[in-house]
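Right, one structure below, let's go through it.
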Amino acid sequence: MEISIGIIGLGSIAKAIISPLLERGEYQPQQVLGIVGRSSSIASALKDLPKDVKVLASEDSLSSEVWKAPLKILAVKPQQFDQIKESGSLFQSDHKFPKPLLISVLAGITLKSLKKSFPGHTCIRAVPNTPSLVGQGLTGLAWEDNITVDQKKVVKKIFEPISEIYELEEKKLDPFLALTSSGPAYIALVVEAMADGAVAAGLPRYLSNQLAHKTLSGTASLIREKSLHPAELKDMVASPGGTTISALRHLELAGFRSALIEAVFLAAQKSRQLAEETSS
Ligand SMILES: NC(=O)c1ccc[n+]([C@@H]2O[C@H](COP(=O)([O-])OP(=O)(O)OC[C@H]3O[C@@H](n4cnc5c(N)ncnc54)[C@H](OP(=O)(O)O)[C@@H]3O)[C@@H](O)[C@H]2O)c1
């Protein structure tokens with residue numbers, strides 16, 4: 001059976017993407033070829049995948065077969081991009097139109113860089129976030145200009161099982177990433193700090209962590225299921241002269257809201273700066 005999907009960098013995010021596609025039968029295991037950096041990583045890449053998925057290390061001479069797949073997912077770390085560029089540039093496609101697809105999930109690598117590095121491909125930038133690992137993600141997609149409607153459908157089908165999809169102009173991927181990809185880190189910090197506060201006030205650590213996590217997931221469900229604006233929920237919880245409004249008063253004095261606004265803004269700025277550096 002021919003390879004239909006080639007994965008360059010079969011690490012955590014690539015596994016999260018490919019696993020549901022195999023489970024749903026969108027691709028047969030024999031149609032998938034994954035490449036990892038070192039041969040010592042092959043066993044962990046294969047873990048939890050069907051046995052007929054083929055995984056090779058980049059130094060294996062057969063690994064260049066991955067470039068023959070009509071659809072490739074590029075999921076190495078951004079610092080490994082230069083190495084991939086070299087092997088990919090050796091590949092020339094016979095297909096003039098439509099060209100094979102190359103989906104990159106690398107932060108900070110622009111469509112311009114992708115097109116320059118892989119001229120034999122139609123390139124797509126995808127920005128999935130970490131909750132995609134549990135099927136609750138958000139993915140931003142930016143397309144190269146000359147992509148066909150059918151090619152877009154193929155790409156969307158790849159990310160649908162793990163995330164909601166947002167088609168965006170490429171320049172909007174920076175704020176999208178600052179909110180959705182970096183967002184889980186901000187939320188993790190909030191949860192951790194809230195648990196610390198409860199420990200400081202006398203609750204045991206294990207219970208504080210558990211309650212902080214559950215407060216987060218319960219609040220998210222409440223906002224979603226009742227379609228509440230966050231301000232409505234805040235007002236529902238804060239009764240006059242009560243505990244919550246005292247705490248909120250302190251958060252405002254400490255610049256909590258402004259710190260979050262600036263954090264998202266700075267992350268978007270940094271993403272833009274990284275993209276400019278890699279395209280120049
Ligand atoms: N994890 C997420 O939730 C997430 C979300 C959005 C975007 N991303 C993006 O996805 C990319 C991968 O992230 P990840 O968390 O999945 O990283 P990861 O688990 O470290 O996966 C990277 C994979 O690339 C392989 N690799 C290294 N050099 C290679 C080469 N020369 N040829 C082929 N494969 C090579 C690595 O193999 P070795 O282990 O042997 O080096 C590893 O399997 C990053 O650019 C990241 O920004 C990740």
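Bear in mind these aren't lab numbers, they're just calculated from the coordinates by the rules spelled out. On a predicted model such as this, the values are computed, not experimentally measured, just so you know. We place every Cβ from the backbone using ideal geometry, glycine too, and count neighbours over all the protein chains shown.
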Practice task
Could you tell me how many degrees, from 0 to 90 and to the nearest 10, lie between the Cα long axis of helix 149-159 and the main elongation axis, the longest principal axis, of the Cα atoms of the chain?
Solution key: 60
Practice task
Work out the P(r) tail for the chain: percent of alpha carbon pairs separated by more than 27 Å, whole number.
Solution key: 48
Exercise for the section: Subtracting the Cα-Cα distance from 0.36 nm times the residue separation, let me have the gained length for Glu262 to Glu86 in nm, one decimal. Expected result: 59.6 nm
Completion exercise
The size of the Cβ-based charge dipole (Lys, Arg +1; Asp, Glu -1) of the chain about the Cα centre, to the nearest 20 debye, is 60
Fill in the blank from the handout: Correct response: the longest run of the chain lacking exposed GluC sites (Glu not before Pro), defined by DSSP loop and at most 13 other Cβ within 10 Å, is 170-280
Handout entry: Euclidean distance between Cα centres, region 47-71 to region 146-171, Å
Key = 24
Problem - Cα gyration tensor, region 5-172 - rounded (a/c under 1.5), prolate or oblate - result: rounded
Practice task
Assign one of three labels to region 181-268, namely rounded, prolate or oblate, based on the Cα gyration tensor with a ≥ b ≥ c the square roots of its eigenvalues; rounded applies when a/c is under 1.5, prolate when it is not and a/b is larger than b/c, and oblate otherwise.
Solution key: rounded
Completion exercise
With N residues in region 33-122, Rg(alpha-carbon) / (2.2 N^0.38 Å) equals 1.10
Practice task
Measure up Lys51/Lys116; Lys116/Lys153; Lys153/Lys226 against 28 Å on the Cα-Cα distance and list the ones that go over.
Solution key: Lys51/Lys116; Lys153/Lys226
Completion exercise
The FRET efficiency for Ala231 and Val134, from their Cβ-Cβ distance with R0 = 45 Å and rounded to 0.05, is 0.95
Problem - Per-residue [θ]222 nm for the chain (sum of -39500 (n - 2.57) over DSSP H runs n ≥ 4, rounded to 500) - result: -14500 deg cm²/dmol
